[in-house]
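S.K.: Here you go, one structure.
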Amino acid sequence: MNVNRHGWTRRSFLMGSAATAAGLGIFGATRALASPRPLRAYAADKGILFGSSISGQVLKDSLYADLFTSQCAITVPEGSLKWDTLRPTPYRYDFSGGDWLYGMCKSHEILMRGHTLVWEGALPKWFAATANAENARTMMLDHISTVVRHYAGKVPSWDVVNEAVQIEDGRPDGLKITPWLRMVGPEYIETAFQAAHEADPHATLVYNENWLEPEGAGAERKRNAVLTMLTRMKKNNVPVHGLGIQSHVYAEMNITGGGFKRFLQQVSDLGLSIMITEMDVREKNAPGDIAIRDRLIASQYYKYLSFMLQFPAVKTVITWGLSDRYTWIATHNPRLDAMPVRPLPYDAELRPTPVWDAIRSAFEETRRR
């Protein structure tokens, strides 16, 4: 039997998909989606920032650049502020890509978040041969200080540490076994936040994590590990101000369950802001029929955003890309039938999809912050 990681058989998903699609006329493909108002305006009506990730390369597409600057009030560079881009050598920083994006954002009144200061997934090739237990802490602190000071007063928010929890690695504290953990120790997380705060005391500092949404024992253990870590940091007066929930979800996932809701309330009770930092909907198992598929994807956006926006701590919604033309899902999580994926508010021709309407509806129906 074909059972995916979330416990759905393909047959049960397809049966449920057809039934769900039939009842989702609000997001039908024939609905008039064009609007003189951008999504950023609907969000701003409720005190929310809406935006998308971006790379300098895709902004060379002038039509896409116009779409992006009209729709987004906030962005996050997909790669320009990661180690492997900023650090061509152990001794040289290259801020050209990040500075160019910042200048573009400033000219269009778009805020730019920083992503990410500490993550093992984007280390440069030289790192493995250069870093060791004696110098890794100093290397990390130098990086954080140099990068955050360079953008102090310009970048208002940073993902300081990214994806530090991985239950499958078997540690009692749930931490992922990374070069930082091995060479610096588990205290690297608190140390990174303290260093970022020293470099820019006015920046909002965020811990960013994935796969917190599903129901099930594995996700619950991950949520508990993240909550324990954040609670300890707050108790120790570590300057952590928010939790970023990436929200890379599947169309068939239950992402509005009781366990996730309790977790969000507990995070809110710590006094932390909550950001949706990288949202898109993967649909590799969804039906090929575009009308049905679009309704299912739009429904997941609507349900998830409506669920998340019930928490006043959620004031930022960022999708990972704005158009299917440039989505990473096309290569990293393609459909089984090889048809083009459709995970974002605009299709490959830069036309609004039912997702656009779903996002607008969720903003219109939430309470003002």
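S.K.: Would you mind stating whether Arg87 is surrounded by 15 or more Cβ atoms within 10 Å (Cβ to Cβ), on the phi < 0 side of the Ramachandran plot, in contact with a Ser or Thr (Cβ under 7 Å, 6 or more places away or on another chain) and among the basic types (Lys, Arg)?
M.R.: no
S.K.: Sticking with this structure for a sec: Looking at (1) crowded, with 16+ Cβ neighbours inside 10 Å; (2) touching a residue at least 60 places away in the same chain (Cβ under 8 Å); (3) assigned to a helix (DSSP H, G or I), can you tell me which one Gln300 breaks?
M.R.: Gln300 satisfies every listed condition except (2).
S.K.: Would you please list the contacts, defined by Cβ atoms under 7 Å and residues six or more apart or on different chains, that run from a residue in segment 342-369 that is within 17 Å of Thr316 (Cβ to Cβ) to a residue that is assigned to a loop (DSSP other than H, G, I, E, B) and among the aromatic types (Phe, Trp, Tyr)?
M.R.: none
S.K.: Mind checking whether some residue in segment 172-186 is in contact with a Gly (Cβ under 8 Å, 6 or more places away or on another chain), surrounded by 15 or more Cβ atoms within 10 Å (Cβ to Cβ) and within 18 Å of Met229 (Cα to Cα)?
M.R.: For segment 172-186, residues in contact with a Gly (Cβ under 8 Å, 6 or more places away or on another chain), surrounded by 15 or more Cβ atoms within 10 Å (Cβ to Cβ) and within 18 Å of Met229 (Cα to Cα): absent.
S.K.: Has segment 45-67 got at least one residue that is closer than 20 Å to Thr319 by Cβ, in contact with a Gly (Cβ under 7 Å, 6 or more places away or on another chain), of a type in the set (A, V, I, L, M) and touching a residue at least 40 places away in the same chain (Cβ under 8 Å)?
M.R.: Within segment 45-67 (the criterion being closer than 20 Å to Thr319 by Cβ, in contact with a Gly (Cβ under 7 Å, 6 or more places away or on another chain), of a type in the set (A, V, I, L, M) and touching a residue at least 40 places away in the same chain (Cβ under 8 Å)), the answer is no, since none of the residues qualifies.
S.K.: In addition: Of all residues in segment 317-345, how many are touching a helix residue (DSSP H, G or I) at 6+ places or on another chain (Cβ under 9 Å) and not in a loop (DSSP other than H, G, I, E, B)?
M.R.: Looking only at that region, the number is 7.
S.K.: If the requirement is being charged (D, E, K, R) and either touching a residue at least 60 places away in the same chain (Cβ under 8 Å) or within 24 Å of Val76 (Cα to Cα) (or both), which of these qualifies: Arg262, Arg282, Arg335?
M.R.: Going through Arg262, Arg282, Arg335 in turn, the sole match is Arg282.
S.K.: Now for a separate question. So Thr146 clears everything in (1) closer than 22 Å to Val206 by Cα; (2) not in a helix (DSSP H, G or I) except one condition, right? Which one?
M.R.: (2)
Bear in mind these aren't lab numbers, they're just calculated from the coordinates by the rules spelled out. Note that the coordinates shown come from a computational prediction; the quantities given were computed from them, not determined experimentally. All Cβ positions, glycine included, derive from the backbone under ideal geometry; neighbour counts span all protein chains shown.
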